[in-house]
1. Leaving out ligands, DNA and RNA but keeping every protein chain, what accessible area does GLU118 have, in Å² rounded to the nearest 10, with a 1.4 Å probe?
2. If amide H atoms are built 1.01 Å from N in the plane of the peptide, which residues on other chains or at least 5 residues away come under 5 Å of the amide H of ASN450?
3. If you consider only alpha-carbon coordinates, what radius of gyration and Dmax does region 200-298 have, in Å?
4. Could you rank ARG319, ARG516, ARG229 by how accessible they are, 1.4 Å probe, largest area first?
5. For region 404-459, which whole percent of the accessible surface, found with a 1.4 angstrom probe, sits on carbon and sulfur atoms?
6. Given a 1.4 Å probe, how much area per residue of region 166-222 is accessible, in Å²?
7. For region 418-464, what does the accessible surface come to per residue with a 1.4 Å probe? Please give it in Å².
8. Sorted by accessible area with a 1.4 angstrom probe, largest first, how do LYS451, LYS192 fall?
Amino acid sequence: MAADELAAFRERWKQELTKEHGCTDEEEQVQSEDQPEYVSIARSLLDGRTSPLMERIQEERTRRKRQYQCMSSVRSASLQQLQPQRKAKKEGKLLDQLIQDLNEVNDIPFFDIELPYELALKIFQYLDCTELGRCAQVSRAWRVLAEDCVLWFKMCTREGYHQDASVSDSLCWKSTLRDCRNSARTVCSNWKNRVGSISQLQFELGKVLCDVSSCDNFVLAGYTSGDVRLWDTLHWDSPASYLKTNSLSANTDPRPHASHVQVNSSVAAAAFEDGCVDLWSTETGGEPIHHYQSPGRIQALALSPDSPVLGSAAGCDIRLDCADDRGYWRMLCHAQLPKISLVLVPGRRQQSPLAALAAGEAVYLLDPQEDEPRTLHSVYAHPVTCLDASDSNVAFGVKRTGWAMHDGGNKIHIYSLETGKPVVYVGNSPGDFTCINLRYSPPHLLVCGNKDRRVRVFDLRSGSSVASLYAHHLGVTSVQTDDWKIVSGGGEGLVCVWEMRMGAKLWEMHNRHPVRHVCFNSSTLVTANIPDDKSPRGACITDDDLTAHRRHRGVICHYSFSEDALLKDHILPICRSDYTGSYGYNYNISLAVPYDRLSGFHPSY
């Protein structure tokens, strides 16, 4: 029954096709040759025949087989021709293979897309160390990207390490950053536990310390004998450099005191009581490279920390000198203001020099491009007690009197150098502010000392107090801070190191005379105890009286907390002595264990 229905269906479909095209059987046979293949296949299916379809499939298989055989023969022929060339160009093949391997990591897969390597590197540079470590565990491609030297070099410089280096200076900046962090951690621990070496910068008899300045690895000192000494603390065991004074001061009897000294990384300056100012190169020393004579005694001397600009104030005369591109010094400007304290604004290498001046109750800005000093602040009967400047702000303490004391007491004013307007007022103290350190403080922080015996740290963004420490019972004379510690010096001769967050004293050191100079960096600290009385009565310091001279001379201390401070080259000369010398102030006496076990000039543990 099913076969009859299929036959009937085929007959009806065949009749419909014949009616649609209107062709007879003879015409159909003639036109079948011109019709498409699917029509002939359909007719064959209607007739119950499958041979045309099978033939078509067989033809397609044969055609593909012939095409494959043709391609295989062509490929084998080309390989036979290239075989000698491959053997002859083996090195070129290795180079091509290297380029191909490098191109494999040119595109970095980011989930469902692929980015160019440079764009992916741009995204990864916003990640920190921990996030880069997590990304390195995603895949091999991400690990190659997360360990790229450019990323770790930028991270290293961003954290303050190797600022002057380039990417090619290290093979693995990731390891370099790890070593730098470990070293910084060790130095911080040495600071807290007072682990390191301490040295005193020595000098001969008959010299009382007048002034000290330090910058980077240089320490400059002036004495009552008119001598000026320069030390390089990177090689502190070597003798100090003798800086020759000008012929006018050298031939004067008695020689004038070196009352003010200043030093930066390239030049050192000294002002004498006869009004002479000398300038030396820190590289060559010896004879002065610049000299000028002021009409009166120098009251203030300032040297820019990052550019060759020198400022001096003698009486009412203010003078700025600068070196040109060829190294010749010349006077930039001259002004007159009474009772001057002088500070040069740092960070103006590409701009005109700028000086901040405090004269009585007023604060001025001296720009060589302007005709007259510009008044920044002036309030009658409110004198300025201290002054400091950074590259963007100037800060000064103001002593209030009379009715103004009811408005919170003495304050510190911070002005913007760009706008000349006040930024914030901080501090409400009944005592006078004696010292301010804004230049070497962290951004948005200011540290100051006061006669009320306290050291204060202020946040300039909010105007609030970060820390207030009861430090020195004779008043604070010098202070400096960084992001975690505070170093202060007082009139009683104490140098104290504080932990800012906890407000706890880590350690202290005492010497005779007030601490007039405190300067530190990440691994070193320089302090100077300078006597107020430069010519003490009843003490003949020119004689060979060690006790009297030690009492009145003052002292410069250099502390090293570096990671290698316990190596043999950092042991003090007194500990390497053979105990045969009897000169100076090394006091070569027999020492206790372990120093008496040291053998030779360079001991080893």
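The values are calculated or read from the model by the stated rules, or taken from the named source; none is laboratory data. Please read all numbers here as calculations on a predicted model, not as lab measurements. Here the Cβ is made from the backbone with ideal geometry for all residues, glycine too, and neighbour counts use every protein chain on show. Accessible surface is based on the protein model in full, side chains and every heavy atom, while ligands, DNA and RNA are left aside. Shrake-Rupley method; radii C 1.70, N 1.55, O 1.52, S 1.80 Å.
1. Its heavy atoms expose roughly 120 Å² to the probe.
2. THR434, VAL476
3. 12.5, 40
4. Details: ARG319 55, ARG516 115, ARG229 10 Å².
The ranking, largest first, comes out as ARG516, ARG319, ARG229.
5. Working: 1160 of 2400 Å².
Solvent-exposed carbon and sulfur of region 404-459 make up 48 percent of the total.
6. Values: 2590 Å² over 57 residues.
Heavy-atom accessible area per residue stands at 45 Å².
7. Details: 2270 Å² over 47 residues.
With the other protein chains kept in place, region 418-464 gives 48 Å² per residue.
8. On the way: LYS451 130, LYS192 90 Å².
Result, largest first: LYS451, LYS192.
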